[in-house]
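Below: the structure, in structure tokens.
The values are calculated or read from the model by the stated rules, or taken from the named source; none is laboratory data. All values reported here derive from a predicted model rather than from experimental measurement. For neighbour counting, all protein chains shown are included, and Cβ atoms are generated from backbone atoms with ideal geometry for every residue, glycine included.
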């Protein structure tokens, strides 16, 4: 009997046992590769969304800083749903608009266009204008309504390939003395 046991232990693995072991390793390797691939795709998507949000926030912050240099409501030249133009305290004409191809775009003094945020969802990106009582003014604003603007609300919707990422900024132009009332 001991002779039979020693013969069996010396034989090693059978072909079926090797095939089963290799098959299990192949299945586990495939599952592991799929998990790693999914994690890399997720990390890439998160990184892309973060870049979009950063670009959008930089554009919104520039808009907020420049709008702070608005002298008074008479400095607003144009106030539409996707187009806003004003003159700052240095006499520069600054225009922000939503372009069909370029996203949120800025020009200073009629010079070259500077693309601030792209890609944007055009229908989701817009300006809203409110009066001193926070009532919405209907666009495009006429000359009388331009004088009533006390708050500008920028909604910037970045196109992430899904529903979009909405970034919003409400700006009270500091020179209109809203804070002191």
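Data table
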{"read-out": "Residue under evaluation residue 181, criteria (1) under 25 Å from residue 53 (Cβ atoms); (2) modelled with pLDDT under 85, criterion not met", "value": "(1)"}
{"read-out": "Yes/no for residue 145 being within 28 Å of residue 46 (Cβ to Cβ) and touching a strand residue (DSSP E or B) at 6+ places or on another chain (Cβ under 9 Å)", "value": "no"}
{"read-out": "Subset of segment 134-167 (residues that are under 21 Å from residue 86 (Cα atoms), part of a strand (DSSP E or B) and touching a helix residue (DSSP H, G or I) at 6+ places or on another chain (Cβ under 8 Å))", "value": "137, 152, 154, 155, 156"}
{"read-out": "Any hit, segment 130-140, residues being buried (at least 20 other Cβ atoms within 10 Å of the Cβ) and either touching a residue at least 40 places away in the same chain (Cβ under 8 Å) or within 13 Å of residue 97 (Cα to Cα) (or both)", "value": "no"}
{"read-out": "Tabulated pairs, segment 11-38, first without any contact (Cβ under 8 Å) to a residue 60 or more places away in the chain, second assigned to a helix (DSSP H, G or I), C-beta under 8 angstrom, 6+ apart or interchain", "value": "13/21"}
{"read-out": "Any hit, segment 97-119, residues being in contact with a strand residue (DSSP E or B) (Cβ under 8 Å, 6 or more places away or on another chain), crowded, with 18+ Cβ neighbours inside 10 Å and in contact (Cβ under 8 Å) with a residue 60 or more places away in the chain", "value": "yes"}
{"read-out": "Tally, over segment 46-77, of residues that are over 29 Å from residue 161 (Cα atoms), buried (at least 16 other Cβ atoms within 10 Å of the Cβ) and touching a strand residue (DSSP E or B) at 6+ places or on another chain (Cβ under 6 Å)", "value": "6"}
{"read-out": "Selection status of residue 152, in contact (Cβ under 8 Å) with a residue 40 or more places away in the chain, under 12 Å from residue 73 (Cβ atoms) and in contact with a strand residue (DSSP E or B) (Cβ under 9 Å, 6 or more places away or on another chain)", "value": "yes"}
